[in-house]
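Here is the structure we will look at.
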Amino acid sequence: MPGEIICIRRLTRSDLGWFAAHRGMAASKQRAVNINADIAQQLVSREAWSAGGLDVQCHCIWPGAEHEQTRSLWKVGKNWRFGGPKLEGAAFERVKEGDFFVLRSAAANDGSSGVTVTFVAAATEPDRHARMETQWGRRLVANMLAVGSDSVDFGDLAATHFPSAAAAPVAAPPIPAAARLARAPAVKKPFAPMPRDGDEAAPRTWTMHERIRSPHIMSQMLKVSGDLSANAHLEFMQVLEALAGDLRRALIAAGMIRTVERNHRDLWGKVRGQRIAFVDGGMANLSMLGAAPVAARVGGYIVRPGVMGDDREQFIMVKHLIDELYTPAPGNGIYAGMFPDPGALRDAARISVEAAGGVKIVMQEADVQYLFLHGALVNPVSRYTDLMDGGQAVATFPDFSVKALEVLLPEGERGRQGRDANFVRVYLRQLELLRDSRAFVCGVVERESQATSVYKRLLEIAITHPDVPAQLSKAPDDWAAWFGHTAELFRITDALLFRCVLQPGEYLAPVDIDRNEVQRAPQAWMQDIQRYPMPWVSYLLPTEWGQPVRVEIFERDRARFDTLARLVMHCAWLLPRYAFPVGLDIVDKYAKVPNWMTRPVNTNTAVQALRRALDTGDTATFDAMRRMLCGSTRDWLFRPKLF
């Protein structure tokens, strides 16, 4: 038949979203087969090309999946899509990435002629697939090829894939012109206002043996055991599988592993209209001496789910500071009495400034129901105290300056002096204000660490449950001792272990973790450090390919943790490939200090420090700042010359 065209496409992972059986594993939210623009131009009429799409009657002749249905061909971006209702049925489970989609149509189709489609799958027809790859694979451009009826290859293609005359495109029944040229609804509405829980197929529950050998966990194991030999790597996998299997059975018996049902409509309906706040901070990388000055800012993002209009979202810069955060040390010059650990000064500044942002939110936004902090809720503080040697302080941790207290504490608590202005007491007061607020405050951490405190605490609790001993191969105390020793020997961390223990959608019952142990506290600050609250810590695993997320809360909110876990999990499911609460991802980008902003701040603060050195006559600081501004001695200006 003259004026026909056969299109061949090698399917990609993105194309698999058209098939119901593969939507859970599709690489994107694409729900159709991509058609390259140059081929679409040959396939549709000028009117359809101008309209951006058309509907056609589609006849699928692939064995086991025969059906006839109206489908759409529409423009998306620079390319086109052929799709419509998803392809359902067991036959389509055998279609994989790399298989071929073949479409036969009238050239310049305006919708009055139907199209015929079929597939060539390696799983069902390996010989035919191999011939297809040999004959046409190298001729594909961007995974596609169009063969017109005027080509010498058209007859062979038609006879091979469309042998029945009934399979040829037919003119009946015609689709009304208005419907043919209508744009597909997906173009007008690129995403659903409410996530559809049924879009992804329920994942199969993997055995522990399969999970340990999945690519996502293998990459994480290599970070921990990268310096081990090949035999040690094999033993590492066997040990991790044994430990994770034992711990999962014990925690299930103790009722400490719980599941969140994916139901966006129910969850977002329950928090509709409630104000949920997310806080994160960013610091500029200043090339200064020590830790003065500090350039930091804290951003806040407050959202009311389900509310439309301008008052749905609110972005606020909660705190910003470019100044000396600490009281200058006594003496002349920047080197006099300098604290020997500038990294501790910077970390203390970051922790206190970010906590101040959370305090400001709960103090000024009294109707906020949930406050998410990006980072640990309670940090260890012993590092940020005086350096001791033989019971004597050899370096004093500096107090916060008056300007810093104005940023870090609410009005009425800024007149602190001496030890009351030190980091230990200021940060303690910030935590007390957060704990006593009306909001449900939690810290969320997505980065893996080398911590092992959570699984150790879980062992202590689990072996006391009456249903756990029956799941163990040894006496509970002996098993816990063996588990702890083996995990420490192979350097197995909380993040790696719970990545294997938890299934997607599961979380741990929170346990208390003492981040500020008294035995590690300096004598001078022991009474203050004893007053620090203990966070209750849990791990959640939103998706199979993501890292477990650590969530920390205050003890007073333990009874409501299941509600929080549902909210965190559904926030993470809004970013399925990143698997991290979307609100924290938004505020992280808002608060980050970009490099283009860091450079002028760097220059300005260096000039101010140089001016101060000139005013005070501090030659040591002047020389140091001059070298910093002029560059290193390996700068091209200082290279030796031949003559």
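Observations on the model:
- Subset of the stretch 447-476 that is charged (D, E, K, R), touching a helix residue (DSSP H, G or I) at 6+ places or on another chain (Cβ under 9 Å) and outside any loop (DSSP other than H, G, I, E, B) - its residue that is least open to solvent (accessible area, probe 1.4 Å): LYS456
- Count of residues meeting criterion [over 22 Å from ALA122 (Cβ atoms), within 46 Å of the chain's Cα centre (by Cα) and modelled with pLDDT of 90 or more] in the stretch 134-179: 1
- Screening ILE513 against (1) at pLDDT below 90; (2) within 22 Å of LEU251 (Cβ to Cβ) leaves a single unmet condition, (1).
- So GLU97, is it under 30 Å from LEU575 (Cβ atoms), touching a residue at least 40 places away in the same chain (Cβ under 8 Å), open to solvent by 10 Å² or more (accessible area, probe 1.4 Å) and in a loop (DSSP other than H, G, I, E, B): yes
- Matching residues in the stretch 400-445 - criterion: being charged (D, E, K, R) and assigned to a loop (DSSP other than H, G, I, E, B): GLU411, GLU413, ARG414, ARG416, ASP436, ARG438
- Sub-6 Å Cβ pairs linking a first residue in the stretch 412-433 that is more than 24 Å from ARG556 (Cβ to Cβ) to a second residue that is open to solvent by less than 40 Å² (accessible area, probe 1.4 Å) and part of a helix (DSSP H, G or I), at least 6 apart or interchain, are ARG414/LEU405; ARG416/LEU405; PHE423/ALA348; PHE423/TYR384, ordered by first then second residue.
Yes or no, residue by residue, for (1) in a loop (DSSP other than H, G, I, E, B); (2) touching a helix residue (DSSP H, G or I) at 6+ places or on another chain (Cβ under 6 Å); (3) within 22 Å of GLY282 (Cβ to Cβ):
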| site | (1), (2), (3) |
| --- | --- |
| ALA356 | no, yes, yes |
| MET363 | no, no, yes |
| ALA376 | yes, no, yes |
| ASN379 | yes, yes, yes |
| ALA393 | no, no, no |
| PRO398 | yes, no, no |
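- In the stretch 81-94, residue least open to solvent (accessible area, probe 1.4 Å) [restricted to those that are out of contact with any Cys (no Cβ under 9 Å at 6 or more places or on another chain) and of a type in the set (A, V, I, L, M)]: ALA91
This table checks each residue for (1) touching a residue at least 60 places away in the same chain (Cβ under 8 Å); (2) open to solvent by 10 Å² or more (accessible area, probe 1.4 Å); (3) of a type in the set (Ser, Thr, Tyr).
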| position | (1), (2), (3) |
| --- | --- |
| ARG499 | yes, no, no |
| GLU506 | yes, yes, no |
| PRO510 | no, yes, no |
| VAL518 | no, yes, no |
| GLN547 | yes, yes, no |
| GLU555 | no, yes, no |
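- Output for the stretch 434-452, where each listed residue is closer than 20 Å to ASP557 by Cα and not β-branched (Val, Ile, Thr): LEU434, ARG435, ASP436, SER437, ARG438, ALA439, PHE440, CYS442, GLY443
- Subset tally (residues that are open to solvent by 10 Å² or more (accessible area, probe 1.4 Å), under 21 Å from LEU502 (Cα atoms) and touching a residue at least 12 places away in the same chain (Cβ under 8 Å)) for the stretch 572-588: 5
- None of ARG275, ARG297 is farther than 21 Å from LEU496 by Cα, crowded, with 20+ Cβ neighbours inside 10 Å and at pLDDT 95 or above except ARG275.
- Verdict on VAL444 being buried (at least 22 other Cβ atoms within 10 Å of the Cβ), of a type outside the set (Asp, Glu), within 25 Å of THR563 (Cα to Cα) and touching a Phe, Trp or Tyr at 6+ places or on another chain (Cβ under 6 Å): yes
- Any hit, the stretch 7-27, residues being over 30 Å from TYR578 (Cα atoms), at pLDDT 90 or above and touching a Leu at 6+ places or on another chain (Cβ under 6 Å): yes
- When the test is whether a residue is within 21 Å of ASP514 (Cα to Cα), open to solvent by less than 20 Å² (accessible area, probe 1.4 Å), touching a strand residue (DSSP E or B) at 6+ places or on another chain (Cβ under 6 Å) and not in a helix (DSSP H, G or I), LEU371 does not pass it.
- From the list ARG566, ARG491, the one residue that fits, being out of contact with any Lys or Arg (no Cβ under 9 Å at 6 or more places or on another chain) and either closer than 28 Å to PHE423 by Cβ or of a type outside the set (S, T, N, Q) (or both), is ARG491.
The values are calculated or read from the model by the stated rules, or taken from the named source; none is laboratory data. In this text the structure is predicted, and so the values were computed from the model without any measurement. In this analysis, Cβ positions are derived from the backbone assuming ideal geometry, glycine residues included, and neighbour counts consider all displayed protein chains. Surface accessibility is based on the protein's heavy atoms, side chains included, excluding ligands, DNA and RNA. Shrake-Rupley method; radii C 1.70, N 1.55, O 1.52, S 1.80 Å.
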